[in-house]
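Just below is one structure, and these are the notes that go with it.
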Amino acid sequence: MNQRSRTSNPTEPADVVIVGGGMGGLLLALILGRGGRTVTIIERQPKLQPIARGELLQPNGLRILDRLGLLDRLKTLPAYRAHRFDFHRIGGRKLCTVDYRTLPPPWNYTLITRPHHLLSLLLEQLEQTGCVRLLTETDFQELLLQHNRIIGIRAVQNGRPIELRTSLVIGSDGSYSKVRQAMGIRSHLHAYREGYLTMVVPRPPGFSNDARYYVGCGQILGLFPVSDSELYLFYMIRAADWEEIKQRRVAAVTAAIAEIDTALAESLRSVTSWDQVGYMPCVRVRAERWTANGIALIGDAAHAMNPHVAQGRNQAMEDAVVLAEVIQNGFASGALRGTQLNRYEQERRPPVERLQRMGDELTVLWNTALPPLAWFRDRIFEGMERHPEVRERVVKTISGLEIRPMGIFDRLRVFMP
Ligand SMILES: Cc1cc2nc3c(=O)[nH]c(=O)nc-3n(C[C@H](O)[C@H](O)[C@H](O)COP(=O)(O)OP(=O)(O)OC[C@H]3O[C@@H](n4cnc5c(N)ncnc54)[C@H](O)[C@@H]3O)c2cc1C
């Protein structure tokens, strides 16, 4: 591996400048750094902070981490290996069980972990490449162009303007991407009506080993173990109500949650202040293009999607893998042109758009506050329980291994008695 070590000069030119040190940006930097490319990542946050939430690493994400030699290491960190997801009607019966063991091994499970564990593992690996430099508290401002070609970016580091020289900029700066804006790309950002309160609480004794999802009329509660001792919990609220909800005591929310599953009452006593609760709004991003000459967008900056598909982070990883290969080939051929970056977009756009559509469909049904629609949703869940072949197709899609959402015949079939 051709590794070049970096000097401490923060404005030293790099082969690639990545804006945003989330999952997509760090993974792309790692692959490029391991391949000997010099990379500068700019991240506006001062440091990685543990947040009160967990996240599902789906089989497609696990496959990527495994191929990069990171999965075994990740498994030594606090994480929970889940096989089954049980769906329950709030105040009623169990509707359906989705079982990842129907997938071919070895990636026939999900790993539920807190995002900072995976990100800190990536940061540790980045150091070892000797080719990647991370500038924190550095906020992207604008692209620098000469004769319509990218020559760098301008940013503000700790209140001080800096310029970084490069011929390739990657926007990995999340849903509200400033890089996307600077590219002048037409895009549509849809804010969903519902967001989620998230918490990590002690795992109640006797809480079953599987992940649990409760759906009701305008109510959703998810319970995912994130380690032997912790449970990640997310509770849906109307985004418009968030400001008002946080004026109340946090006990009002924990009491509403404990009503859904009384086994949580004791664990929820550990949540005594809003500081222990995260709020996650949900948005979908549709961008007309993801690439231009010398620039590409990845992850949420290109295509944020509804979290019901639990694929956003995993898709950011898929982007990083495909884009890294395109970049390496481009540099190897002497010059990376805009048309080469297009190949990344051509490969990644179709599966991402299928997942975005599926996320929207699930949102209409799962989040509904209308009793007839909730009845319809419950029938679908129960139909899936009766039809293992449909369930398997859904698991394959959610797993990211084979993205083929339910078709019209599947829908009809789940309605048959
Ligand atoms: C409630 C909820 C639950 C979810 N659950 C899951 C799940 O279970 N599984 C899953 O796969 N996905 C899940 N997701 C989606 C997932 O969190 C995102 O898709 C993923 O974090 C996207 O990664 P990213 O690297 O593209 O962007 P981000 O994680 O948003 O990272 C962007 C980074 O860019 C930085 N940045 C932003 N602007 C600038 C700037 N101007 N200059 C410098 N840096 C900047 C930010 O500080 C941040 O560090 C969920 C989302 C929500 C809302």
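Just so it is clear, none of the values below were taken in a lab; they were calculated from the coordinates. All figures in this text were calculated on a predicted structure; none of them were measured in a lab. Please note: Cβ atoms are built from the backbone with ideal geometry, for glycine as well, and neighbour counts cover all protein chains shown.
Per-structure values
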item: Among the listed pairs K47/K246; K94/K396; K178/K396, those beyond 30 Å (Cα-Cα); result: K178/K396
item: Charge dipole of the chain about the Cα centre (unit charges at C-beta), most positive-ward option of G159, L231, T368; result: T368
item: Magnitude of the charge dipole, the chain, Cβ model with Lys/Arg +1 and Asp/Glu -1, debye to 20; result: 500 debye
item: FRET efficiency for R193 and Q328, using Cβ-Cβ distance with R0 set to 35 Å, rounded to 0.05; result: 0.25
item: Farthest toward positive dipole pole in the chain [+1 Lys/Arg, -1 Asp/Glu at C-beta], among V132, A296, C96; result: A296
item: Label-to-label distance, nm, for residues given as Q346 and R160 (7 Å Cα→Cβ offset); result: 4.5 nm
item: Proximal charge balance of N306 [Cβ under 14 Å; K/R count +1, D/E count -1]; result: +1
item: Ranked S273, S120, criterion: other C-beta atoms within 10 Å, fewest first; result: S273, S120
item: Span per principal axis, largest first, for the Cα atoms of the range 105-190 (Å); result: 51, 36, 25
item: Inter-label distance for I51 and A251, nm, one decimal - labels placed 7 Å from Cα along Cα-to-Cβ; result: 2.9 nm
item: Contour minus Cα-Cα distance for R354 and S229 (0.36 nm per residue); result: 41.4 nm
item: Given charges at beta-carbon only (K, R positive; D, E negative), |dipole| of the range 370-415 in Debye; result: 100 debye
item: Amide hydrogen neighbours beyond the local backbone of I237, cut-off 5 Å, H modeled; result: G195, Y196, L197
item: Sequence of I90, I257, I170 once ranked by neighbouring C-beta atoms within 10 Å, starting from the fewest; result: I90, I257, I170
item: Amide H contacts of R81 (H built 1.01 Å from N, under 5 Å, at least 5 apart or other chain); result: I112
item: Per residue convex hull volume, Cα atoms of the range 348-394, in Å³; result: 63 Å³
item: Charge tally in the Cβ shell below 13 Å around T113, where Lys, Arg are +1 and Asp, Glu are -1, T113 excluded; result: +3
item: Calculated Rg and Dmax of the chain using C-alpha coordinates, Å; result: 22.0, 69
item: P(r) histogram, all alpha-carbon pairs of the range 370-415 included - 5 Å bins from 0, percent; result: 5, 24, 27, 22, 15, 6, 1
